[in-house]
Amino acid sequence: MASTSGGKKKRKRKSTSQVMETDVVQKKKPVFSSFQRPTLIEQLKYILAEYPDGGQILKELIQNADDAGARTMDILLDARRVNREDESSHAQYTKFFQAPALCVHNDAEFTEQDWQGITMIYNSVKKLDKLKVGRFGLGFKSVFHLTDNPCIISGKRMLLMDPLQPSGCETANMEIGHVGEIEGFDTKAFIKVLDGIFGFSQETLQSGYYKGTLFWFPFREIQTPLSDNLYTVEKVMDLFKAFKQDTPSILLFLKCLSEVTLVKVNRSKPFKRKVYAKVKIANTEVKCLEKRAAFADKVRTMTPESADISSVMEVPIEYFLDESSSSNTTWLVVNYVVSKSASDDLKQLMNDESIGLSPYVGVAAPITTTSHFNGHIFCFLPLPKEGSKLTGLPFHVNGFFALSSNRHHLKWETDEDKNQQQYDKNVHWNHLMTSEVLPRAYRLMYNAAASRSNISGNLEEDVKKVYDLVPDLDNVNENWKSFATNSIKCMQTEYVVFANDVGRWDVCQKCVFGTAGTFDTENIKTSMRSSMKRMGKSYVELDETSLKTLQVVFTTSVVCVSPNLMANFLHESNAYHCLADDTKTDILVYILADKQFDLLHGLELLPLANGTWVCFQKKGHTLYIASAEVLEVFPEFKDRFVRTTLSPKSGIAFQAIAGTVES
């Protein structure tokens, strides 16, 4: 046999590594590209579409000031015409320093984080701050409704925004002390418009430092690629007028701001300012401001293992709506933050960074006014009014709610969502805030109002103010009914009603209830109250709305006075035996009001002509009803005759009983 070595040559096989390298070389790679992102102008247009032009612009500026820790804030409408004639100037930055303009000043200074955050869009440096509201990086951008060229001056720096510039050049940072060295910067135009505005002057440039923060927004007077919305002095005055509606309550839930002023500078020279509106927390109540600051400090240091914290304050608000008149209202304000005691569901959402909200709520009600009050929804500032009824509650509610990105309303499920098994974390957060957290704040507010009434001697008007905090469930908006119901439920063991006759606040289970229309006359009411007091019962008179709400929530715990109930009380106690004749007569008339004569059986409420009282008996001696003339004929038999002369109503009642017996 021939040797194999002399046969066919062996084929060389490629190694595995060689095959893989060849295959890789032969395969094609995909073509990668980035998403086509909208330009800055397009993004700002989207924001302006979300934030409708109006009073919300001022609220956003107030919120930014409060988040920055400002104590005072001024919003100035400069109606002068300054530097507009220089629009053809070659100085690049003159367009930032023109009037008419809106100027906003507060006494806080920008931090590095603030400088970074103000240039963000759809993102925010406030996301992880428990006390700051702006989560979307959109609020401040609403100022582009009125201007193309915002200017911010704070501390040593100035920032100029111009979204119409090429990408990467939309913002210009500079130091105040060196603006004269900036190419294209007209220092004279700068000083001409800002000199004398909130302490800004030539000396400011020389020192290179401005105390506080100043925003300058020159009006857009011609259409631009950003917007065709043109602004005038008259349009800003409309914003001021809209602000007036919120003036009395604008400061209630803010953490730092204690004073906001709206000012108008006239076109005339010399410089003349007119205060259009002003609101402040009264200076006489410094303790209120101290309490608010201390509460904010506690919130900042809270941990998941911390106990819940709360604050109860009386906040005196003074506001001026023109130069000649002022008004004062004191509010009862309660803030509450849940931590360790939160339910498992709430804790899960509290730790969810995609929500990034804090279980921080508040309630507030006026305590120095007797007029009807409609509550509003706040997320530290009042949300825009949408529709005639926001909540239907008789007090304001505040909270770190999950809001729409334009901060106009809370996120709730739609009617379609209610019929489907869908879960939106933001919607669920709002439900937990209203059903679990807010009721705790309400409980504190109600108890504080009752305590305040106690201290003042429980005058009728003070007791009424407490009852005014009870929601009318028929009037409450559907999304807020669970809150209203849960709030009342958590008061079941609290001293929530005032028993006039015993002079104390008591729990519902120990009281008997009525309304102003329960008794026909004041005499009968007085007699019924004194008799119930004698029998150890606490009578409470409520308005019909409050009584109905308590009946719906507490059901069997709220018992209303009735002839049947009164008869049962009399059967249980002999204390009524020693009551005055007039009082017994009124009780008799009341029990007979619904003609249930059987209720009287065994009760010592039958007056005899001899001056004594005996029990009603179905069997026994026959008693007679006769006129006074007949009684004179039988003076020795007065124990056989009913005394009908006690009152006209008692005489009618006995005639009705007699008619029943004869039939």
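The values are calculated or read from the model by the stated rules, or taken from the named source; none is laboratory data. Note that the structure is predicted; figures quoted are calculated from it, not measured. Virtual Cβ from ideal backbone geometry, glycine too; neighbours counted across all protein chains shown. When the accessible area is computed, the model is the full protein with side chains, heavy atoms only, and any ligands, DNA or RNA have been set aside. Shrake-Rupley method; radii C 1.70, N 1.55, O 1.52, S 1.80 Å.
When region 604-629 is examined, which residues are found to be surrounded by 12 or more Cβ atoms within 10 Å (Cβ to Cβ) and either over 25 Å from Ser527 (Cβ atoms) or of a type outside the set (A, V, I, L, M, F, W, C) (or both)?
Glu604, Pro607, Asn610, Thr612, Gln617, Tyr624, Ala626 - these are the residues of region 604-629 that are surrounded by 12 or more Cβ atoms within 10 Å (Cβ to Cβ) and either over 25 Å from Ser527 (Cβ atoms) or of a type outside the set (A, V, I, L, M, F, W, C) (or both).
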Can you name the residue in region 70-89 that is at pLDDT 90 or above and open to solvent by 10 Å² or more (accessible area, probe 1.4 Å) and is also farthest from Glu290 (Cα to Cα) among such residues?
Asp74
Can you name every residue in region 575-603 that is open to solvent by 30 Å² or more (accessible area, probe 1.4 Å), in a loop (DSSP other than H, G, I, E, B) and within 20 Å of Lys618 (Cα to Cα)?
Lys595, Gln596, Gly602
Among the residues of region 473-503, how many are out of contact with any Gly (no Cβ under 7 Å at 6 or more places or on another chain) and either part of a loop (DSSP other than H, G, I, E, B) or free of Cβ contacts under 8 Å to residues at least 24 places away in the same chain (or both)?
15
Single match in Thr493, Thr549, Thr518, Thr485 (criterion: of a type in the set (S, T, N, Q) and in contact with a Leu (Cβ under 6 Å, 6 or more places away or on another chain)):
Thr549
Filter result (open to solvent by less than 20 Å² (accessible area, probe 1.4 Å), under 28 Å from Thr585 (Cβ atoms) and not in a loop (DSSP other than H, G, I, E, B)) within region 526-554
Ser527, Met528, Ser531, Met532, Ser538, Tyr539, Val540, Leu547
Give me a count of the residues in region 404-440 that are among the acidic types (Asp, Glu) and modelled with pLDDT under 70.
3
Take the conditions open to solvent by less than 70 Å² (accessible area, probe 1.4 Å), more than 17 Å from His105 (Cβ to Cβ), acidic (Asp, Glu) and part of a helix (DSSP H, G or I) and apply them to Asp246. Does it pass?
yes
Can you find a residue in region 332-355 that is more than 26 Å from Ala402 (Cβ to Cβ), under 19 Å from the mean Cα position of the chain (by Cα), without any contact (Cβ under 8 Å) to a residue 60 or more places away in the chain and open to solvent by less than 60 Å² (accessible area, probe 1.4 Å)?
no
Pairs please, first residue from region 631-648 and aromatic (Phe, Trp, Tyr), second anywhere and modelled with pLDDT under 75, Cβ atoms under 7 Å, 6+ apart in sequence or on different chains.
Phe641/Ala626; Phe641/Leu631
Which one of these does Val561 not meet: (1) free of Cβ contacts under 8 Å to residues at least 40 places away in the same chain; (2) over 26 Å from Gly611 (Cβ atoms); (3) open to solvent by 10 Å² or more (accessible area, probe 1.4 Å); (4) touching a strand residue (DSSP E or B) at 6+ places or on another chain (Cβ under 8 Å)?
(1)
Quick check on this structure: which one of Lys269, Lys241 is part of a loop (DSSP other than H, G, I, E, B), of a type in the set (Lys, Arg), at pLDDT below 90 and more than 30 Å from Pro439 (Cα to Cα)?
Lys269
